[in-house]
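Scroll down for the structure; my scribbles are underneath it.
The values are calculated or read from the model by the stated rules, or taken from the named source; none is laboratory data. Source: prediction; values computed, not measured. Cβ: placed from backbone, ideal geometry, glycine included. Neighbour counts: every protein chain shown.
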Amino acid sequence: MTTDSTAITPIDLPPIPCSHRPSEEPVRVAAAMLLHAARYGGSVLTDRDVWTDANIDTLISHFVNQPDVSGKSFDDKLDIQLDGVSDDVRLLFAEIYLLQMLPTMQFHKATKIKNATSALRNAGIDYQIPAEIDEAFDHPVFWGGVAFAVRRFQQLSVLIEFVRYLRTFPETEIAAAYDDPFAWRTMVNNAPGTSEPSLRSCLTFLGHPKFFMSIVAGHHKKQIVEAFFPAVTGCVSTGDVDVDLAKIRYWLQEEPGDTPDFYHGPLESIWRPDEVADIDDVPAVTTEPDDDRRESSYTVESIIEDGAFHSASELRDIITRWHETRNIVLQGAPGTGKTWLARRLAFALIGDRIDDAVRSVQFHPGTSYEDFVRGWRPGGDGTLTLVDGPLLEHAERARQYPDIPHVVVIEEFNRGNPGQALGEMLTLLERSKRNPADALELTYMREAELAVFLPENLYVVGTMNTADRSLALVDFALRRRFAFFDLEPQFNDAWKQCLRARFRGVDADLIDELAVRIMAMNDQIAADLSLGPSFRIGHAYFTPGLEAPDLATWFTAVVRSSVEPQLREYWHDDPATVNDVVDSLLSGI
């Protein structure tokens, strides 16, 4: 398919008078230069050949596969990630960075240049920003939204992965993608990496800017199409928002390649007549131009800084698997910090502390499908109303803001009956079922409502206490749709350092001895055939708060008021064993 109007069935009505966006030609020219280098090699900053398979593989290993090497600023982390790579690799990264920022209004021109060349500050190489890219930076074409600020690492990773993916195709297929907007869109959307819909929409636009509209917010595209088809255009929607937007463009353009302005004037009044213009339109966060501080403001390192005793690699493995499955369960003994960790993992998954993107619920024996998914509720007038529960409510919010992962935290996941509470959501939660083709009718449907599917950016994390025998077992169908992670009691160096920092001046050997005693107690619990590892006592019991007066007083109180009662439940018919364990814990304290 070509990118001119002959590929689109025309709208046979007089065009609506409207304004058009400023010329996008500078961005189109600059994008073509960078995408030419991605296809054929070369460089836009020098006369070297930096777009090579070897350099791309180096970026995969040093950047993409090292997502959180420190809790420092993006530039400082970049110095660590690119330490030891060649100048050509640094040049390649800088040019990919240029591509990521090229069309956005997110940052001022000076900041874009500073960002892109940050990779080159330790390189001994001469380079120059081409006039075409310099001019494109003066003429940005859209506001990218919060994802271009807080998910910069993920977006750059997707671009790097895309270039490697592109080069796996034979030249005939690459040529087809560069000629055919739909082949290009398919290649962009199928490239590996996290979903990043705004970035992929941006890359789709940059590949065929005279066909695809310079709008990257998926919910805006959908709202525009729903408003114009058929009410304004007299045509039925094709079902493809990009095709429908192209039809509108060819209908309203004055010159080939003109872009109608949907964010001002008469066109905006059609698709959102009752809303105040908000090009960013993001949840619970305002991103100003040049707000470089918002990049990855919550990371794995942030979890550790908040007080986690787990290793960065362990936490990163959980998040990586979470991206793959969309659904995980944190399970473990009492006091292993499951609930505390779940919410922080959610923020690290998002890349920022966006509270509205995380919703917590707690299951209990009475939790039903009607409570969690959808059910009838009595209204003030005595009538029943069909009301969405927290899962569908949060799914709808995730659908409205597809660039931001949205998380449902289910505490005490197995305290109720998960299968009963989830109903058909058990199928719809599965990663492979999150598409219109696998949509299902719900137990309670509204009039004229279509079958339902869950959005790609909805994530679920459950927490399970493995020691409570009264809790429901999780069936195999549910286990297949969730990845399970065991959280172990952590009485490691990080835990010891926490105690040393809280109780300054205390002999370090004493804290080491306490760790030995606690682990000996847990070993005894784990070895008991009537108990086992799931009944060990977690580190949350032994982590002091600010109110703890001194080590001896605090530790004794914890053992007497929290640990000893638990042990007496465990060994209710063996008080002598409990006395021995408690005496061992408190000896000499």
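Tabulated values for the structure
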item	result
Matching residues in the stretch 119-177 - criterion: being polar (S, T, N, Q) and in a loop (DSSP other than H, G, I, E, B)	122, 128, 168
Pair list, Cβ under 9 Å, 6 or more apart: the stretch 540-552 residue more than 18 Å from residue 586 (Cβ to Cβ), other residue among the hydroxyl-bearing types (Ser, Thr, Tyr) and surrounded by 14 or more Cβ atoms within 10 Å (Cβ to Cβ)	540/336
Boolean, residue 333 is among the hydrophobic types (A, V, I, L, M, F, W, C) and under 23 Å from residue 538 (Cα atoms)	yes
Subset of the stretch 53-73 that is farther than 16 Å from residue 161 by Cβ and not small (Gly, Ala, Ser) - its residue that is modelled with the lowest pLDDT	69
Cβ pairs under 6 Å, 6+ apart, first in the stretch 561-580 and modelled with pLDDT of 95 or more, second loosely packed, with under 14 Cβ neighbours inside 10 Å	none
Qualifying residue in the stretch 206-222 (condition: assigned to a helix (DSSP H, G or I), among the aliphatic types (A, V, I, L, M), farther than 24 Å from residue 175 by Cα and in contact with a helix residue (DSSP H, G or I) (Cβ under 8 Å, 6 or more places away or on another chain))	no
All positions within the stretch 116-131 that are within 27 Å of the chain's Cα centre (by Cα) and either surrounded by 23 or more Cβ atoms within 10 Å (Cβ to Cβ) or touching a residue at least 60 places away in the same chain (Cβ under 8 Å) (or both)	116, 119
Any hit, the stretch 12-32, residues being more than 15 Å from residue 136 (Cα to Cα) and part of a helix (DSSP H, G or I)	no
Residues of the stretch 333-350 satisfying the condition of being of a type in the set (Gly, Ala, Ser), modelled with pLDDT of 95 or more and in contact with an Asp or Glu (Cβ under 9 Å, 6 or more places away or on another chain)	342
Filtered residues of the stretch 344-356 (kept if crowded, with 18+ Cβ neighbours inside 10 Å and over 10 Å from the mean Cα position of the chain (by Cα))	344, 345, 353, 354
